[in-house]
Amino acid sequence: MTTQQLQNLSKQDYENKVQTQLDKLNAQIDELKAKADQAKADAKLQYNDTLSELNSKRDAVSQKLGEIQQSSESAWQDLQSGFENAWSELEQAVNRAGEKFQ
């Protein structure tokens, strides 16, 4: 879904869509964690560094989503831009990690 399409959603629809996407990224992070657990020692360090970065970015996204969920119906769109930036960073990091560790 494009940023423009997300911006046209109601607050509740936006929250639901974002939560679904966050759940998918969490599953990808969990998959990388499972691979890290099976990796050899030197590769494990790379996995763990990458997972630490992903977890940090995921936590930032979750925090921004929480701010949106706590906001009023009229104010949530003001928070959307910050969320979109955090989301984009997380999504790119997950994609890079997936490519790196395939």
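The values are calculated or read from the model by the stated rules, or taken from the named source; none is laboratory data. None of these values were measured; they are calculated from a predicted model. Neighbour counts run over all protein chains shown; Cβ positions are idealised from the backbone, glycine included. Keep in mind that these areas ignore ligands, DNA and RNA; they rest on the heavy atoms of the full protein, side chains included. Shrake-Rupley method; radii C 1.70, N 1.55, O 1.52, S 1.80 Å.
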* Just one of (1) modelled with pLDDT under 85; (2) under 13 Å from residue 87 (Cα atoms) trips up residue 17, so point out which. => (1)
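Of all residues in segment 64-84, which are among the aliphatic types (A, V, I, L, M), assigned to a helix (DSSP H, G or I) and open to solvent by less than 40 Å² (accessible area, probe 1.4 Å)? Quick ask: steps written out before the conclusion?
Of all residues in segment 64-84, those among the aliphatic types (A, V, I, L, M) come to 65, 68, 75, 79.
Then keep just the ones that are assigned to a helix (DSSP H, G or I); that gives 65, 68, 79.
Residues satisfying the conditions are 65, 68.
Give the number of residues within segment 54-73 that are over 11 Å from the mean Cα position of the chain (by Cα) and among the charged types (D, E, K, R). Working first, answer last.
Let us first name the residues in segment 54-73 that are over 11 Å from the mean Cα position of the chain (by Cα), namely 66-73.
Then keep just the ones that are among the charged types (D, E, K, R); that gives 67, 73.
Selection size over segment 54-73: 2.
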* To do: Among the residues of segment 27-44, write down those that are open to solvent by 40 Å² or more (accessible area, probe 1.4 Å) and part of a helix (DSSP H, G or I).
  => 27, 28, 30, 31, 33, 34, 35, 37, 38, 41, 42, 44
* **Matching option when the condition is at pLDDT 85 or above and polar (S, T, N, Q), among 46, 92** => 92
* Which one of these is basic (Lys, Arg) and closer than 22 Å to residue 8 by Cβ: 64, 44? -> 64
* Please go through segment 85-102 and pick out each residue that is aromatic (Phe, Trp, Tyr) and assigned to a loop (DSSP other than H, G, I, E, B). => 101
* Structure fact -> Residue hits (segment 45-63; over 14 Å from residue 98 (Cα atoms), open to solvent by 70 Å² or more (accessible area, probe 1.4 Å) and of a type in the set (D, E, K, R)) are 59
